[in-house]
1. Mean Kyte-Doolittle of at least -1.0 plus a Cα span of 24 Å or more along the axis: flag which DSSP H helices in the chain meet both, please.
2. For the peptides 129-138, 190-199, what is the packing order when you average, over each peptide's residues, the other Cβ atoms within 10 Å and list the highest mean first?
3. Got a sec? How would Ser111, Ser8 order by Cβ neighbour count within 10 Å, fewest to most?
4. Which order results if Tyr5, Tyr176, Tyr106 are arranged by neighbouring Cβ count within 10 Å, fewest first?
5. Place a +1 charge on the Cβ of each Lys and Arg in the chain and a -1 charge on the Cβ of each Asp and Glu, then give the dipole magnitude about the Cα centre in debye, rounded to the nearest 20.
6. Based on DSSP H runs of at least 4 residues, each adding -39500 (n - 2.57), what is the mean residue ellipticity at 222 nm of the chain after dividing by all its residues, to the nearest 500 deg cm²/dmol?
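We did not get these values from a lab; they are worked out from the coordinates using the rules stated. The structure presented is a predicted model; accordingly, all values stated were derived computationally and were not measured. Positions of Cβ are generated from backbone atoms using ideal geometry, with glycine treated the same way; all protein chains shown enter the neighbour counts.
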Amino acid sequence: MTLSYVISGFAVGLLVGLTGVGGGSLMTPLLTLLFGINPAVAVGTDLAFASITKSAGTIAHRIRDNVHWDIVIRLCIGALPAAVIATLALKYFGALDKHIGQIIRYVIAFSVVLTVLAILGRGRMLAWINAHPERQLHGRKQAIATIIAGAIIGALVTISSIGAGAVGATILVLLYPNLKPSEVAGTDIAYAVPLTAIAAFGHWWLGSINWELLVTLLLGSVPGITLGSLVSRSVPEKFLRGLLAATLTGVAAKLVL
């Protein structure tokens, strides 16, 4: 079983390296569906996994000056309190309860669908925003919208471990269309670090992190991400994103049915 976890970590890491998205949206459903792990434990373990891997990514983007810290602060103002509230709600209702586990499965499926929409519709949404500059938010309205978006993502991430990647990046593109792709990636990863760390700490408090599983996933994912990043330019992006979207759609349907 340990080897299966390492291989799964490698496969997910490879896809993340190739496409830049899909970590939580693949890992959490994989642990739930393929290995039968309690949904709350799958979420908690993936959050701990994400907080470690995204910390390394933040350092790299910080060196390249790709992080807009003012946006990170706005997102965190919304996301971090939402993560705490979601953790307390899981504690109150019982994160490891069978019925709550089923609800978490539905939230995971919903988050996966949002990820698919973000992957497929990001280009069109950005084109629409650029074609209608009068609809772009500025100043106070932009700041408030960013905080609200952060709160929504914070709750989703804490309950499902999904949302800080493709969904978060798409929201940044819509709210801040002038950001370069590297700045979107750097800012998205930077705010996800404290969010996933607090959410992971909350799941540790709830007793829903499998540390042995976490280590075996990291053993596979680190070389997988490295390999995927090295060969990503040689594989057509549209094909990869289409394959990822189709896979995630199937995953969401399986979670619900």
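1. The answer, listed by residue number, is 2-19, 39-63, 69-93, 98-131, 139-160, 181-206, 211-231, 237-256.
2. Going by the mean number of other Cβ atoms within 10 Å, highest first, we get 190-199, 129-138.
3. Lowest to highest Cβ neighbour count: Ser8, Ser111.
4. Placing the least packed residue first, the sequence is Tyr106, Tyr176, Tyr5.
5. Its charge dipole is roughly 420 debye.
6. Result for the chain, helices only: -28500 deg cm²/dmol.
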